[in-house]
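Written below as structure tokens is the structure these notes are about.
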């Protein structure tokens, strides 16, 4: 399997995509190059054989199924061996650190249509993590510093993005209740209404996570991505970052896209029905008029912290900076703070009692 590395024409160092300048930059001589200037290198990407060269041992043989999902590459710079899984499209050499792109993974029918380049760098991701942790008194001590991070990496996550024109047809039962009284009786008037809502909604670029490695709910939590800032895919944007190709095909992701479209359509129509004491949906029809699906790579910073044998993962939108992640509770701190609070309240109550005597 062949590797693609972008080399600086001035010093022959490996160049990366720089988020600040949105250019290709050499970290050794600080030379900068326009991404368009490297476009001709994309033309070198052609369909290649899927044959895999397995690293073996003279006296041992692979067990059945053990080789599945592995791919082995040789770094063009230091000749070090790079072992990845079958979905990795970009990474860095573990020996010399140079960014490398797996050409075969981006060939033919799996070449992305769009990519949103990283707008925020690793420093911004670390700052976002510290802001996320700030003020949380019950966090374990190891979460207070980025030094405890197991890993932090910029990853282009594969997504299928869906465009669709929707025709909605909804019917609701509305009810109003009015009460009043006179000298003799109490009256209640209940009125029922048949409410119909119809209309068209256009959805642009509904993203669905196509990677099996990252939780889809986490990816949806860091939305939205500004698809208007997406550009035509060029491999140069991958330099210096990791990237995966899709694990799930578009057909597999259609169900989730439909679910999101239906839920949004129903919620949008429901918000137009107001002024009633109670509203009951009776019929909900969502019909697809036109649909288009595109393959996109979207920028995500991922990081994790391990505490008591459990990994806590975080993610940040590499374009907007939106940050999410689950946090544990240090129950030792919880009970300590509870005891301190109990003592403080007890002292306060005693002082109040003495003051009233």
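The values are calculated or read from the model by the stated rules, or taken from the named source; none is laboratory data. Here the structure is a predicted model, which is why all the values come from computation and not from measurement. Don't worry about glycine lacking a Cβ; one is built from the backbone with ideal geometry, like all the others, and counts go over all protein chains shown.
Points worth noting:
- Residue 288 assigned by TED's automatic domain parsing to the domain that holds residue 173, outside any helix (DSSP H, G or I) and surrounded by 15 or more Cβ atoms within 10 Å (Cβ to Cβ): no
- Members of region 1-22 found to be in contact with a helix residue (DSSP H, G or I) (Cβ under 7 Å, 6 or more places away or on another chain) and modelled with pLDDT of 75 or more, listed by number: 17
- Yes/no for residue 267 being at pLDDT 90 or above and within 26 Å of the chain's Cα centre (by Cα): yes
- Of all residues in region 231-257 being in a loop (DSSP other than H, G, I, E, B) and touching a strand residue (DSSP E or B) at 6+ places or on another chain (Cβ under 6 Å), the one that is farthest from residue 19 (Cα to Cα): 246
- Some residue of region 265-282 being on the phi > 0 side of the Ramachandran plot and assigned by TED's automatic domain parsing to the domain that holds residue 165: yes
- Among residues of region 232-257 that are under 10 Å from residue 297 (Cα atoms), those with a Cβ under 6 angstrom from a residue that is part of a helix (DSSP H, G or I), sequence gap 6+ or separate chain, pair up as 245/105; 245/110.
- Condition met for residue 78 (touching a helix residue (DSSP H, G or I) at 6+ places or on another chain (Cβ under 6 Å), surrounded by fewer than 20 Cβ atoms within 10 Å (Cβ to Cβ) and either closer than 27 Å to residue 212 by Cβ or at pLDDT below 90 (or both)): no
- Checked against the criteria, residue 260 counts as assigned to a helix (DSSP H, G or I), more than 15 Å from the chain's Cα centre (by Cα) and assigned by TED's automatic domain parsing to the domain that holds residue 189.
- When residues of region 204-237 are limited to those that are surrounded by 18 or more Cβ atoms within 10 Å (Cβ to Cβ) and under 30 Å from residue 281 (Cβ atoms), the one modelled with the lowest pLDDT: 205
- Residue match in region 244-256 (condition: out of contact with any helix residue (DSSP H, G or I) (no Cβ under 9 Å at 6 or more places or on another chain), buried (at least 19 other Cβ atoms within 10 Å of the Cβ) and within 30 Å of residue 152 (Cα to Cα)): yes
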